[in-house]
1. In µm²/s, what is D for the chain at 37 °C and 0.692 mPa s, where D = kT/(6 pi eta Rh) by Stokes-Einstein and Rh is the Kirkwood radius from Cα pairs?
2. Go through 172-185, 252-265, 378-391 and give me the packing order, highest mean Cβ count within 10 Å leading.
3. Would you kindly compute the Cα radius of gyration of segment 278-411 and its largest Cα-Cα separation (Dmax), both in Å?
4. Expressed as a fraction of 2.2 N^0.38 Å, the rule-of-thumb size for a compact globular protein of N residues, what is the C-alpha radius of gyration of segment 118-194?
5. Post the alpha-carbon centroid distance, segment 1-55 to segment 359-411, in whole angstrom.
6. Taking the Cα-to-Cβ direction at TRP368 and at SER202 and moving 7 Å from each Cα, how far apart do the two end points lie in nm?
7. Please give the length that would be gained between GLU243 and ASN287 if that part of the chain were fully extended, namely 0.36 nm times their separation in residues minus their C-alpha to C-alpha distance (nm, one decimal).
8. Suppose R0 equals 41 Å. What FRET efficiency, 1/(1 + (r/R0)^6) with r the Cβ-Cβ distance, do ASN166 and ALA375 give to the nearest 0.05?
Amino acid sequence: MYAFLYLTIATAFRIIARNRLRAALTMLGIIIGVASVIAMASIGQGARALVQAQIATIGTNVIIVLPGTTTVGGVRAGQGAAVTLTVADALDLKKKVPLLLDTGWAKRDVLQIVSGNRNWNGPVNGISPSYLVIRDWSFAGGGPFTQADMDTAARVALLGRTVVENLFEPGEDPVGATIRIRNVPFTVVGVLAPKGQSAQGSDQDDIVFIPFTTAERKVVGTSFLGSVGALFASTVRPEDLPEAVERIREVLRGRHRLQPDQPDDFTIRTQVDIGKVQEGITATITNLLFAVASISLVVGGVGIMNILLVSVTERTREIGVRMAVGAKRGHILFQFLIEAITLSLFGGAAGILLGVLASKLATAVAGWPTVISGASILIAFCFSAAVGLFFGLYPANKASRLDPIEALRYE
């Protein structure tokens, strides 16, 4: 058996080597197919890893409460107009929901920020000191403002990297500098460490933080004292998030005096919820890319079948001779299947190298994040072998069914 297998494989190699150019062109479809699958899978997985990293910049086990209800399609009604959340809500949540590590709040507006003869339009957020802890903001220079700054409505500010780059000269230290927001002077006490792009595509470093009380009284204004644009909270463990969300809902519904038949006048989102939505979109795109790339493998399989059918015609007399000297139908079938699988495996190996190279080029040239996994390489390689087996079956079966006498007469 082993001798027969060895001779069959050796014969397959000899026949492929006899027609190198034809074999190379036959394998080209498989090479492109495998390379496409690996490249598309690596781009998709790279996008997924990027989304996960972006979700992580939100903070650790973060819960976000936004004003307004959710309608069909997840569109929040009343955004920017509904004022249903207050500082008192945040403080009460911290008292009544033991699962919460901390609570914070924020109010946002897009305003002009001026430094010397430079200006920049960007989001200005009035926040509580706890907001920085919940969102895991660290500092590249200086430090955060304090509760004392909050209590006295101090005119201090924290700047994101994008704001710094647009308001100050390269190498200039912003800490201690004075900026103006709505003609109100602020002293820069800290520069935030960069977080990059959010999962929604916005620049998280294009930000200015000032104490909430300062924003409320001197910059942003308010419809009524203590109203906020969003509440933030965090838990110690991610598994506590679902229970914490339910407790937050109960407390807020009670505080807002909502009847059982009335919908929530707020929307609760967790870091996990945001991650699931983004990863679902990424997974769909990845699967679509994988499906499109797989078509190339099928086309390569059709090429193998065509070449083997030509080979069967060319080697009809050879097949007749082999059958005349005792070769069984299974031997002929096995011979052509081995040739098909050999072409596929060689094409698969070359495709793996090309796919890895294409992924590296996508990262180097286009800047796309890519993650090359062993699983995607193994799947592509096995799929190429399966394509060779499937599309080689018809020509092999045709060869094995030839009549020996007719085959010997074939010219």
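The values are calculated or read from the model by the stated rules, or taken from the named source; none is laboratory data. The structure presented is a predicted model; accordingly, all values stated were derived computationally and were not measured. Cβ sites come from the backbone with ideal geometry, for glycine too, and all protein chains shown count toward neighbours. Side chains are part of the model used for accessible areas, which takes the heavy atoms of the whole protein and leaves out ligands, DNA and RNA. Shrake-Rupley method; radii C 1.70, N 1.55, O 1.52, S 1.80 Å.
1. It comes out at roughly 124 µm²/s.
2. Highest mean packing first, the order is 378-391, 172-185, 252-265.
3. Just the Cα atoms of segment 278-411 yield Rg and Dmax of 19.9, 66 Å.
4. So the Cα radius of gyration is 1.05 times the expected 2.2 N^0.38 Å.
5. One Cα centre to the other: 7 Å.
6. In this crude spin-label approximation the distance works out to 2.8 nm.
7. Here the segment from GLU243 to ASN287 would lengthen by 12.5 nm.
8. 0.40
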